């Protein structure tokens, strides 16, 4: 039985969700770049103060933490704390042969809550709303890991 | 030959170790949440100072770095520097068909040293003890990557 | 059809690139350790000020941010923002059965630009040069994710 195969509909669901989540991680890097260029600041390395195409008027204040840029970095860190774990646990979930609708609900659900978390964090909604989307995403990953252990060990 | 299959005992070892390590990453996020709520501080975003269910008495000092909360974030960062690499290298290791006892020693060994690292970091043991567990975990990942390259290229 | 198999030349390319990238992530951790020991500073945890084998002459200044050490941590963060996404998208790319030369160009290309990014960041080259290598690596990952979605959905 070969489940990690594009002809398996559950694997296909995983591949779609995983590819979208990989794009989400990369997008967050570009959001940081966009914000750094837009405000011409929030740089992280001393050499970024050199005059050049990116930085036309260097100024030591450009190295200070700027919430507009740092927000995107915090969103990125939150992605890194959640998405790689999802990417791996999703693959293992396929390997224990779940029902298609279970995989669809959990994996597309994870994609939806992570994009919701992105929108909520970017627009500075309250901690309560942000925490709600974080929690749902986290519980989906935890559920998948426990389901996998249960399938293998029981 | 299909090695990435739950009927392969080496893959089963990987799935168990990987699911536990995914839970470890998620747990660390919840430890940060628990510590933020317990001390009512160590928040990272300015909007977390809004009055609400989570934050009943907002105070600008709640945005200052707090070692109790930041320790959990550092533990999380250390996880992210080590565990995703393990999760991927472990899968590739299964694909080069190692002996079962080798996989068990390395993968369950990694799980043990990462939980030891967690305990040592949380209880503020010396740098020497923490570094020892970090080193063993890191060397396990490096060994697996070298073993894989050797199997494929030699 | 079982593509995630060492007898598939495309999977072999992925395994080689992925194992090298895992070693790159781990190497970055050791570069931080080397730099902390060399300058005897840049420590992150208060307990690292305890006298011991690692720290023979404790001094509160050892906890201050030091660019020599922090540079390696920033390089590590940049790795974590890019490499785990590559590791997963590369595996999915194999599963949609691309041409061998496409996989070789993209995957070995990614390895090359990440090592170039490492060299440029470590030697403090200009933001423009560093950004160029970051961009190429990021676009490779984005291309692979879009190619996968296209293959599966079209």
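Points to keep in mind about this one:
- Residues of region A:31-46 satisfying the condition of being more than 7 Å from every other protein chain (Cβ to nearest Cβ) and either under 18 Å from the mean Cα position of the chain (by Cα) or surrounded by fewer than 21 Cβ atoms within 10 Å (Cβ to Cβ) (or both): A:31, A:32, A:33, A:34, A:35, A:37, A:38, A:39, A:40, A:41, A:43
- Residues of region A:19-49 satisfying the condition of being farther than 26 Å from residue B:84 by Cβ and in a helix (DSSP H, G or I): A:37, A:38, A:39, A:46, A:47, A:48, A:49
- Evaluated against (1) more than 24 Å from residue A:16 (Cβ to Cβ); (2) within 14 Å of the chain's Cα centre (by Cα); (3) away from chain A (no Cβ under 12 Å), residue C:110 falls short on exactly one condition, (1).
- The condition (being part of a loop (DSSP other than H, G, I, E, B), buried (at least 19 other Cβ atoms within 10 Å of the Cβ) and facing another protein chain (nearest Cβ under 7 Å)) is satisfied by just one residue among B:2, B:55: B:55.
- So residue A:81, is it within 13 Å of chain B (Cβ to nearest Cβ) and assigned to a helix (DSSP H, G or I): yes
- Residues satisfying the stated conditions in region A:122-153, i.e. under 19 Å from residue B:36 (Cα atoms) and not in a helix (DSSP H, G or I): A:124, A:125, A:126
- Scanning region B:86-98 for residues that are free of Cβ contacts under 8 Å to residues at least 60 places away in the same chain and more than 10 Å from chain A (Cβ to nearest Cβ) yields a count of 3.
- Output for region C:5-18, where each listed residue is within 7 Å of another protein chain (Cβ to nearest Cβ), assigned to a helix (DSSP H, G or I) and more than 11 Å from the chain's Cα centre (by Cα): C:12, C:15, C:16
- Conditions (1) in a helix (DSSP H, G or I); (2) surrounded by 15 or more Cβ atoms within 10 Å (Cβ to Cβ): number failed by residue B:119: (2)
- When each of C:15, C:10 is tested for being buried (at least 17 other Cβ atoms within 10 Å of the Cβ) and either farther than 27 Å from residue A:79 by Cβ or at pLDDT below 95 (or both), the lone residue that passes is C:10.
- Residue B:104 being more than 13 Å from chain A (Cβ to nearest Cβ), buried (at least 16 other Cβ atoms within 10 Å of the Cβ) and assigned to a helix (DSSP H, G or I): yes
- Residue match in region B:58-75 (condition: surrounded by 15 or more Cβ atoms within 10 Å (Cβ to Cβ), free of Cβ contacts under 8 Å to residues at least 40 places away in the same chain and facing chain A (nearest Cβ under 9 Å)): no
The values are calculated or read from the model by the stated rules, or taken from the named source; none is laboratory data. Since this is a predicted model, take the numbers as computed values, not measurements. We place every Cβ from the backbone using ideal geometry, glycine too, and count neighbours over all the protein chains shown.
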